[in-house]
């Protein structure tokens with residue numbers, strides 16, 4: 001990271017740039033494109049918490065969380081929904097920063113856990129999330145491995 005990264009709202013000024021964001025080709029099977037996330041954010045309204053990850057003036061990624069304390073499925077009450085870091089900017093701490101910011105937002109909302117899930121497969125995000133303190137629960141929701149982190 002070259003300066004202090006921060007999260008920003010998706011706005012008319014940055015929506016085109018964030019929609020052009022691409023992860024590495026080998027990661028595309030594990031994470032939907034940002035345009036899908038923004039459509040889901042629109043459809044889910046206040047439940048979705050989409051943010052652009054910036055470093056100075058540079059857009060480096062996208063993160064979206066979901067907060068629905070009344071959801072009947074516990075992992076959907078406070079969860080990291082999507083994380084996309086630009087292919088050429090991975091490995092520089094932006095993903096870890098974004099997860100820490102989502103954890104802080106969850107704590108601010110009174111949550112004590114954060115969940116994440118992913119499609120199983122070689123090259124998937126499990127090692128990344130394990131390094132950040134998420135532990136696999138043994139649950140599978142909609143075909144995805146579920147992990148949780150105490151806040």
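The values are calculated or read from the model by the stated rules, or taken from the named source; none is laboratory data. The model shown is predicted, which means the values in this text are computed figures rather than measured ones. Here Cβ is always computed from backbone atoms with ideal geometry, including for glycine, and neighbour counts include all displayed protein chains.
Look through the stretch 33-56, keep the residues that are in contact with a helix residue (DSSP H, G or I) (Cβ under 6 Å, 6 or more places away or on another chain) and buried (at least 19 other Cβ atoms within 10 Å of the Cβ), and return whichever of them is nearest to residue 19 (Cα to Cα). Spell out the reasoning first.
Within the stretch 33-56, the subset in contact with a helix residue (DSSP H, G or I) (Cβ under 6 Å, 6 or more places away or on another chain) is 34-35, 48, 50, 52-53.
Filter once more, keeping what is buried (at least 19 other Cβ atoms within 10 Å of the Cβ): 34, 48, 50, 52-53.
Details: 34: 5, 48: 17, 50: 12, 52: 10, 53: 13 Å.
The qualifying residue nearest to residue 19 (Cα to Cα) is 34.
For the subset of the stretch 57-87 comprising residues that are surrounded by fewer than 20 Cβ atoms within 10 Å (Cβ to Cβ) and modelled with pLDDT of 95 or more, which member is farthest from residue 137 (Cα to Cα)? By that ranking, first place goes to 59.
Put simply, of 105, 111 the only residue that is outside any loop (DSSP other than H, G, I, E, B) and out of contact with any helix residue (DSSP H, G or I) (no Cβ under 7 Å at 6 or more places or on another chain) is 105.
Do we find a residue being touching a strand residue (DSSP E or B) at 6+ places or on another chain (Cβ under 8 Å), farther than 27 Å from residue 3 by Cα and in a loop (DSSP other than H, G, I, E, B) anywhere in the stretch 116-123?
Yes, the conditions are met somewhere in the stretch 116-123.
Residue count for the stretch 87-98 satisfying the condition of being under 13 Å from the mean Cα position of the chain (by Cα) and either assigned to a strand (DSSP E or B) or over 21 Å from residue 42 (Cβ atoms) (or both): 4.
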